[in-house]
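Written out below as structure tokens is the structure these notes cover.
The values are calculated or read from the model by the stated rules, or taken from the named source; none is laboratory data. Quick caveat, the model's predicted, so the values are computed rather than measured. For neighbour counting, all protein chains shown are included, and Cβ atoms are generated from backbone atoms with ideal geometry for every residue, glycine included.
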């Protein structure tokens, strides 16, 4: 019971410490990107890669934003890793996607990338390229936010309440926060299945 109580208490603490203004700023950038018919490119590694794939579905289906992630195409991803290297896997994909200044790059990561520590250098190179072409950058990250927080136009840093559970909380809150964004009344354009089913039952 102790772990359960501790973990859920930490969840409550994180909720209370989240920066609502930064979340609102990201919502504005998502709305702007959709209005100008820009694309949303979501980058993630490990557990955050699964979150990236899920988020692409939600932003496309619920929010009507043209969204993609390189991790959805395992054949291309592994070919690039094998032929060109892990460090450049995201930047070469973004170049192949013709990233431009109408687009938005969305990073989901625990550390946000750190060149000096050689942690997630592929994110660092991707963000350097995004800045070079003038694309906007947003993120949901943990710890101190790493390189993503340094260069992003808006970046939610999931507060660290326990250094021993940073990864679990960061990846969990990525889902909480992007669902908040995709279902925001100014972003959501399509009703979700269970919500629409309940609405029909009430009629």
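Assorted remarks:
- Pick from region 30-48, criterion in contact with a helix residue (DSSP H, G or I) (Cβ under 7 Å, 6 or more places away or on another chain) and surrounded by 19 or more Cβ atoms within 10 Å (Cβ to Cβ), ranking: nearest to residue 167 (Cα to Cα): 48
- When the criteria are applied in full, residue 187 meets the requirement of being in contact (Cβ under 8 Å) with a residue 60 or more places away in the chain and assigned to a loop (DSSP other than H, G, I, E, B).
- Of all the listed residues (9, 88, 78), the sole one being out of contact with any strand residue (DSSP E or B) (no Cβ under 9 Å at 6 or more places or on another chain), within 21 Å of residue 125 (Cβ to Cβ) and exposed (fewer than 13 other Cβ atoms within 10 Å of the Cβ) is 78.
- Residue check for residue 64: surrounded by fewer than 13 Cβ atoms within 10 Å (Cβ to Cβ) and out of contact with any strand residue (DSSP E or B) (no Cβ under 9 Å at 6 or more places or on another chain): no
- A search for C-beta distances below 6 Å between a residue of region 83-108 that is in contact (Cβ under 8 Å) with a residue 40 or more places away in the chain and any residue that is part of a helix (DSSP H, G or I) and surrounded by fewer than 13 Cβ atoms within 10 Å (Cβ to Cβ), counting only pairs 6+ apart in sequence or on different chains, returns nothing.
- Annotation: residue 95 fulfils all but one of (1) within 21 Å of residue 154 (Cα to Cα); (2) touching a helix residue (DSSP H, G or I) at 6+ places or on another chain (Cβ under 9 Å); the unmet one is (1).
- Criterion (closer than 16 Å to residue 141 by Cα, surrounded by 14 or more Cβ atoms within 10 Å (Cβ to Cβ) and either touching a strand residue (DSSP E or B) at 6+ places or on another chain (Cβ under 9 Å) or without any contact (Cβ under 8 Å) to a residue 12 or more places away in the chain (or both)) met by exactly one of 14, 23: 23
- Test result for residue 129, buried (at least 21 other Cβ atoms within 10 Å of the Cβ) and modelled with pLDDT of 95 or more: no
- Any chance residue 120 is within 22 Å of residue 54 (Cβ to Cβ), surrounded by fewer than 22 Cβ atoms within 10 Å (Cβ to Cβ) and touching a helix residue (DSSP H, G or I) at 6+ places or on another chain (Cβ under 9 Å): no
- Taken together, 161, 151 contain a single residue that is surrounded by 14 or more Cβ atoms within 10 Å (Cβ to Cβ) and out of contact with any strand residue (DSSP E or B) (no Cβ under 7 Å at 6 or more places or on another chain), which is 161.
- Residue list for region 49-58, restricted to those being in contact (Cβ under 8 Å) with a residue 60 or more places away in the chain and within 11 Å of the chain's Cα centre (by Cα): 51, 54, 55
- Of all residues making up region 109-124, the number that are part of a loop (DSSP other than H, G, I, E, B), without any contact (Cβ under 8 Å) to a residue 24 or more places away in the chain and at negative phi: 2
- Residue 105, sole failed condition from (1) buried (at least 24 other Cβ atoms within 10 Å of the Cβ); (2) part of a helix (DSSP H, G or I): (2)
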